[in-house]
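S.K.: For reference, the structure I am asking about is given below.
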Amino acid sequence: MNLNESAHIEARTGFIYGLLAFGMWGFGPVYFKAVATVSPAEVLAHRVIWSVALLVLMISWQRQWGALRRLFSNPRQVGWLLVTALLVAANWLTFIGAVSRGDIVAASMGYFIIPLFSVLLGMIFFSERLRPVQIVAIVLALCGVANEVITLGELPLIALTLAVTFGLYGLIRKKISVDPLLGLSVETILLSPFALLYLYWLDANGELSFGYISLTTDLLLMLGGLVTTLPLVCFAAAANRLSLTTVGVLHYLAPSITFLLAIYLYNEPFVGHQMITFGFIWTALVVFSWEGWSNQRKAVPALQGG
């Protein structure tokens, strides 16, 4: 097997992993709808606890306990991971709540604008210069948000909360450069005492769902660990094999699936002002993706030319 064939197989494998990761994230509402009888906060608590249980098994299988101990011995990184843990908890809680309330369209909007928000964060925190086409894309997305504000008289808080929390999460994780699996392990371990205390408080007040509704509900809540970790493992495998541009394009698969589920499976309304808002955002994403793809095409011949 020559190098070209090997690279092609790696890219194809990475693409499959990417489809699995973003596909699972996209179909996430199906899982959270299945546990909608449980309060979003309790679902979040179970997601944290069962993720820790699964991650412990994965770390044992990969023999990464030494790496995890070294990570915990670094106060600076643990401090940053506490911040990212709180950000991801806020993101998860917002998404779970949106699904349970029937606001899946709004949630999909949040994940559509994450790439644009990340570019804006790069400009603010890393002094990255925005190219003219990127500025156009961001302005178009802002027009979409402005349309929601003008029409409804309020900010699209679900979408903005999801975009801000995930954007900041990605920014900090990029800054500290921690292995995805180990980072998630530390984050969920740091969150687990709060999750356990909350479940204890629910039980003491007779409000706990786990163990009181049905065996099916209990098993679904326990699946929260797999729902959290499996897409991340697939994403890490994809990111190691694919270009950033390809990963960036695949990113849109998740909110696209979520959006289609909202409209066609859960029959959420999609009215005039939302069509205008999404029209602005989708146009922004087309412009943004085209610009990134064009730059990559220009960069490849330059590299080949030495």
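Since every read-out is calculated from the coordinates, none of them should be taken as a lab result. None of these values were measured; they are calculated from a predicted model. Note that we place each Cβ from the backbone using ideal geometry, even for glycine, and neighbour counts take in every protein chain shown.
S.K.: Which one, Ile158, Ile114, Ile59, has the greatest fluctuation when you compute a Gaussian network model over the chain with C-alpha springs under 10 angstrom?
M.R.: Ile59
S.K.: Ratio of alpha-carbon Rg to the 2.2 N^0.38 Å globular estimate for the chain, to two decimals, please. Spell out each step's value before the answer.
M.R.: Numbers: Rg = 20.4 Å, N = 306, 2.2 N^0.38 = 19.4 Å.
For the chain, the normalised Cα radius of gyration comes out at 1.05.
S.K.: Sticking with this structure for a sec: Once the cut-off is 23 Å, how many percent of the Cα-Cα pairs in region 39-175 end up in the long-distance tail?
M.R.: Taking all Cα-Cα pairs of region 39-175, the fraction more than 23 Å apart is 48 percent.
S.K.: For region 3-304, what's the relative contact order in percent, using C-alpha pairs closer than 8 Å and at least 6 residues apart?
M.R.: RCO, region 3-304: 41 percent.
S.K.: Can I ask one more? Provide the net charge surrounding Asp203, with neighbours chosen by a C-beta distance below 14 Å and charges set as Lys +1, Arg +1, Asp -1, Glu -1.
M.R.: My count for the surroundings of Asp203 gives -3.
S.K.: Okay, next question. Grab the other residues whose beta carbon is less than 12 angstrom from that of Leu261, score K and R as +1, D and E as -1, and report the net.
M.R.: On the way: positive: Lys33; negative: Glu268.
Within the 12 Å Cβ shell, the charges total 0.
S.K.: With a sphere of radius 14 Å drawn around the Cβ of Gly102, what net charge do the other residues whose Cβ falls strictly inside it have (Lys, Arg +1; Asp, Glu -1)?
M.R.: Charge balance near Gly102 sits at 0.
S.K.: Could you compute Rg(Cα) / (2.2 N^0.38 Å) for region 1-117, with N its residue count?
M.R.: Rounded to two decimals, the normalised Rg is 1.36.
S.K.: Can you tell which of Val227, Val139, Val105 shows the greatest fluctuation in a Gaussian network model of the chain with Cα springs below 10 Å?
M.R.: Comparing Val227, Val139, Val105 in a Gaussian network model of the chain, the most mobile one is Val139.
S.K.: Compute and list, largest first, the equivalent-ellipsoid semi-axes of region 149-201 from the alpha carbon gyration tensor, each √(5λ) rounded to a whole angstrom.
M.R.: Rounded to whole Å, the semi-axes are 29, 20, 6.
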